[in-house]
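These notes concern the structure reproduced below.
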Amino acid sequence: MTSFSLGCRAIHVWLVALDQSWDRGIAALSADEAVRAEKYRFDAPRESFTRCRVALRHLLGQYLSVSPSDVRFEYAVSRKPGLTGNSSLHFNLSHSGDFALIAVARVAPVGVDIERVRALTAQEMLENRIFSAAELDQLRRLPETQRRDGFFAGWTRKEALLKAHGDGLRTPLTSVEVCLDPRRDPKILRSKSASIHPREWTLWTLAAPAGYHASLAVRSSEPQVDVTQVGDDSTYRHCFPDGR
Ligand SMILES: CC(C)(COP(=O)(O)OP(=O)(O)OC[C@H]1O[C@@H](n2cnc3c(N)ncnc32)[C@H](O)[C@@H]1OP(=O)(O)O)[C@@H](O)C(=O)NCCC(=O)NCCS
């Protein structure tokens, strides 16, 4: 079995294409994952969930040197998944449309978010529960051609941060303010949350497939963290023992 090594300051981010069949890996899912998959009424979200879990188990199995079916998950109250008995390997996943991103790190908790860009009405853009009044003002000030990208850049930056934080909906998206300008570094500008201190976190804009925005957050102010994006199909494929 091949193993992936992950330095203590490294973060690996895997891009997974979900528009392929992953049926051969399904046997690795746990009973509770199979039950969860069954509960989806529609094929698309069921397949997306299943394929993500197959990919997640295969990838984490390579980091832990165990078989995919031996990867054990536990869930926080917020439903953030973690690894049972292993607090030193952090991961997070996100899926949207035809893609998922899986981030893996030792350095600190990570959060990742990918969103497929879609057309937005003026109301969706400027009356929503994602952005604070100050952030909506930032959006309004962006050139019109940048506004939709600003919306999705800002949304993924905030979601990645809250997913790394792991508290779920108990921390409202409006409690943190980030830079929404898609052309600028993704900085946290302000936090109203007692447990999110901007200086303790780092955000990245990830290279995403055309038509998507993606961001990564880590609970570390360490500038030397090294983010490697693994999106090439042939690189990804070698984590599957059967050549998938
Ligand atoms: C986590 C959350 C932000 C997901 O947002 P999304 O954009 O719809 O979905 P994404 O594809 O980006 O991420 C989903 C994945 O994030 C992970 N996840 C779930 N809850 C999470 C959390 N609280 N923090 C971080 N990651 C979480 C899971 O792996 C999930 O994938 P899965 O459902 O296939 O297992 C949203 O579902 C949420 O806030 N949930 C929290 C629910 C909660 O707080 N409940 C209150 C209980 S007290």
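A few remarks follow.
- Residues being surrounded by fewer than 22 Cβ atoms within 10 Å (Cβ to Cβ) and within 16 Å of the ligand (Cβ to nearest atom) - total across the range 121-143: 4
- Residue satisfying all of: in the range 68-81; assigned to a loop (DSSP other than H, G, I, E, B) and among the hydrophobic types (A, V, I, L, M, F, W, C); farthest from the ligand (Cβ to nearest atom) among these: V71
- Hey, Q20 among the polar types (S, T, N, Q), more than 26 Å from G168 (Cα to Cα) and open to solvent by less than 30 Å² (accessible area, probe 1.4 Å) or not: no
- Residue among S65, S48, S3 that alone is within 12 Å of the ligand (Cβ to nearest atom) and within 23 Å of G82 (Cβ to Cβ): S48
- Filtering D185, D167 for residues that are under 30 Å from E144 (Cβ atoms) and acidic (D, E) leaves a single hit, D185.
- For the range 172-216, the set of residues classified as open to solvent by less than 50 Å² (accessible area, probe 1.4 Å), polar (S, T, N, Q) and in contact with a Pro (Cβ under 7 Å, 6 or more places away or on another chain) consists of S191, S215, listed by residue number.
- Residues that are open to solvent by 30 Å² or more (accessible area, probe 1.4 Å) and either without any contact (Cβ under 8 Å) to a residue 40 or more places away in the chain or more than 14 Å from C52 (Cα to Cα) (or both), drawn from the range 99-110: R106, V107, P109
- Annotation note: of R24, R57, the sole residue that is free of Cβ contacts under 8 Å to residues at least 40 places away in the same chain and in the same structural domain as L93 (by TED's automatic domain parsing) is R57.
- Looking only at the range 165-213, and only at residues there that are within 13 Å of the ligand (Cβ to nearest atom) and at positive phi, the one that is modelled with the highest pLDDT: G166
- Filtered residues of the range 28-45 (kept if of a type in the set (D, E) and either surrounded by 15 or more Cβ atoms within 10 Å (Cβ to Cβ) or away from the ligand (no atom under 12 Å from the Cβ) (or both)): E33, E38, D43
- The residues of the range 88-98 that are more than 10 Å from the ligand (Cβ to nearest atom) and either open to solvent by 10 Å² or more (accessible area, probe 1.4 Å) or in a strand (DSSP E or B) (or both), listed by number, are S88, H90, G97, D98.
The values are calculated or read from the model by the stated rules, or taken from the named source; none is laboratory data. Note that the structure is predicted; figures quoted are calculated from it, not measured. Every residue, glycine among them, receives a Cβ derived from its backbone with ideal geometry; neighbour counts consider all protein chains shown. Ligands, DNA and RNA are excluded from the accessible area calculation, which covers all protein heavy atoms including side chains. Shrake-Rupley method; radii C 1.70, N 1.55, O 1.52, S 1.80 Å.
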